[in-house]
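Have a look at the structure below before the remarks.
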Amino acid sequence: MNTLPQLRDDDSALAKPLSGDGVQQPPAAEAGTRSAATVPRAPSRRKKRRRKSRLVPVALLLIAITAVLAWWWYGYHRAGSKEPVVQTAVVQRQDFASSVLATGAVRPQVGAEVRVGARLSGKVASLQANIGDPVTRGQVIAELEKEDLEAVLAQREAELQLARAKLAALHRLFPKEIERAQLEIARWQATFALGEQEVAREKNLLRQSATSEAAYEQALERVAVAQAQLATAEKTYELVEARHEEDVIQASVEVARAQSAATNARVQLSYATITAPIDGVIASVSTQEGETVAAGLNAPTFVTIIDLDRLQVDAYVDEVDIGRVRPGQEAVFTVDTFPGREFAGRVSAIYPKAVIQDNVVNYDVVIDILEPHLGELRPEMTASVTILLETKTDVLAIPTRAVKRERGKNIVYVPVDGHPEPREITVGWRDGAWIEVLAGLEEDQVVFVDLPPETPPQN
C-alpha cells in the first residue's frame, strides 16, 4: 500500500475526502500508476482571498455608476413629461393702506443728551457719579480742588470792601468841605462889605478934609483885596463841588471794578463744582477721582447724561418715498428687543439735507414717541418704522408681479381664447404684494401672473 504525503494545514480545505483509515483515496484510474510525488497541490486560500478583495471595489463602483445613470434617465424623462404650470390671478376689490417702510434708530432728542465737563484745569478732588446712576438737575457730580480759587476770591472781596470804603468816605467828607467853602465865602463877603463902608466914610472925611488922601486909598485897597478873596472863595466852592463829583465817579468805578473782579472769582470758584444740567441717567464716565484735567479749547468731558424720557426715532426714508411724508402723519415702530409690541409715534420734522450711504439717498425723518415707554427704549436701538399715509377702500387690485413694464407702459396679460393677450393698464397705489388698478381691467377678470413660455415679447 502506497502512502501519500501529509497535506499542509492551509491545503486541508481543498483536499479530497479521506477513507476510513485516514488515508486519502486516489482516483480509480490512476491509483496504481501515479506515485505520491506526482500528485498536484491544491491552490492556497490566501491567493483566492486576495482576488476577492480586488473584485469588491470594482463591483461597488459599477453599481454606483449604474444607479446614477438610472436616476438621471428617470428624472430627465419624468421632467420632460410635465406640463408647465402658469399662475393666474383674479382682479378683486381690496382696502389699501398706503404706508412708507423705513429703518431707523432710537436717538435722544435735541438737548436730551449732554456731555458735562470742566471749564477749569485742576485735580479732581471727588467724583460722585457712576454709570447708570439717576441724577437730577443741579445735583453735584464732581468737584475740583478749589483752595487757590478760594484765596483769589477772598482777595477780590477785600479789594471790593476797600473801594466801597473810599466811596463812603467821599460821601462823608463832602458836606464838611462844602461847609468850609461856604464859610470862607461868607467871611470875605463880610470883609468886602465892611471895606465898602470904610471907603464911603473915608471919602466923606476926605471931602471935609478930616482925613488924608492916603487913608482913603488904603480903604480902597482893602476893599479890592476883600473882593478878590471873595471871588477866590466862590471859585473854591465850585471846585469843591466839581472835585467831589469827580471823586465820587472814580470811587464808584473802582467799586464796580472790584465787584466785577469778585464776581468773576466767585464764578471761577463755582466752576470747580460740576453739577448736572438736566435730569437723566449717567451714560458714561470719562475721568476718575485724583486725575488732573486740563481745560483748553474743548472742555474735558467728565460724564455724559441722557434723559431717557426724551427720546425720538430717526427713520431713514428712501428718496422715492420722501415726497409723500409730511409732519403730523401717524407712525408706528417696533424694536428688536420687543418685536411683538408696536410703539405709536408722529412725524415731527424732516431733515432737509440727505444722508448718502453706499450711493443710496435717504432722508432723516424725526418721529416723536407718543406713548410712555417706561425705560424700555434706549438710545441706538434699531427700529422698524411704518409711516401711515392714507387709506383707500374697495379698490381694484392685482398682484404686483402681474404688471410688466414694456415700452414705458404698464402691461398685463389676460387670457383670450386660451392665449395671453397684452393689455395696458393704469396703476395707483402699492400695498405690499398688491397694486391698485385705476383703468384697463374689470372686477373678476383673470390675468396672468407668470407668462406662458411661448409668449413672445412685445416690441
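With 0.36 nm allotted per residue and the present C-alpha distance subtracted, the Gln218-Gln128 stretch has 23.1 nm of extension available. Sites listed here are trypsin sites (Lys or Arg not before Pro) in region 362-459 whose DSSP assignment is loop and whose Cβ has at most 12 other Cβ atoms within 10 Å: Arg407.
Count Lys and Arg as plus one, Asp and Glu as minus one, and take only other residues whose Cβ is under 15 Å from that of Ala283; the net charge is then -2.
Where Lys and Arg each count +1 and Asp and Glu each count -1, what net charge lies around Arg180 among other residues with Cβ under 15 Å from its Cβ? Combined, the nearby Lys, Arg, Asp and Glu give -1.
Estimated from the Cβ-Cβ distance and a Förster radius of 45 angstrom, the FRET efficiency linking Thr382 and Ser260 is about 0.30.
With a ≥ b ≥ c taken as the square roots of the eigenvalues of the C-alpha gyration tensor of region 294-356, please select rounded if a/c is under 1.5 and otherwise prolate if a/b is larger than b/c or oblate if it is not? List each step's numbers first, then the result.
Values: a/c = 2.76, a/b = 1.56, b/c = 1.77.
Oblate.
In percent, rounded to a whole number, the relative contact order of region 86-199 is 15, using alpha-carbon pairs under 8 Å and six or more apart. Measuring nothing but how far apart in sequence close Cα pairs (under 8 Å, 6+ apart) lie, relative to its length, region 147-271 scores a relative contact order of 48 percent.
Phi angles across region 174-184 convert, under the Karplus curve 6.51 cos²θ - 1.76 cosθ + 1.60 with θ = phi - 60°, into 3J(HN,Hα) values of 4, x, 5, 5, 5, 5, 5, 5, 5, 5, 5 Hz, Gly and Pro given as x. With an a/c value of 1.5 or above and a/b larger than b/c for the gyration tensor axes a ≥ b ≥ c computed over the alpha-carbon atoms, region 221-293 is described as prolate.
Could you work out how far the C-alpha centroid of region 100-127 sits from that of region 208-261, in angstrom? A separation of 70 Å, based on Cα centres.
Taking a Cβ cut-off of under 12 Å around Lys404, the surrounding Lys, Arg, Asp and Glu residues balance to a net charge of +2, with basic ones at +1 and acidic ones at -1. Need one word for region 311-448: rounded, prolate or oblate. Basis is the Cα gyration tensor (sqrt eigenvalues a ≥ b ≥ c); a/c below 1.5 gives rounded, then a/b vs b/c decides. Prolate.
Amide H contacts of Val427 (H built 1.01 Å from N, in plane; Pro and chain starts excluded): Leu438 sit under 5 Å, all sequence-distant by 5 or more or on other chains. In region 311-448, Cα pairs under 8 Å separated by at least six residues give a relative contact order of 21 percent.
Pop the C-beta distance of Val446 and Asp309 into the FRET formula with R0 = 56 Å and round what comes out to the nearest 0.05. Efficiency, rounded to the nearest 0.05: 0.50.
Given +1 at the Cβ of Lys and Arg, -1 at the Cβ of Asp and Glu and no other charges, the dipole of region 166-256 around its Cα centre is 260 debye to the nearest 20. If you plug the beta carbon distance of Leu438 and Thr337 into 1/(1 + (r/R0)^6) with R0 = 56 Å, you get a FRET efficiency near 0.85.
No lab work stands behind these numbers, since they all come straight from the coordinates. This structure is a prediction, so every number in the text was calculated from the model and none was measured. Cβ coordinates were reconstructed from backbone atoms using ideal geometry, including for glycine residues, and neighbour counts include every protein chain displayed.
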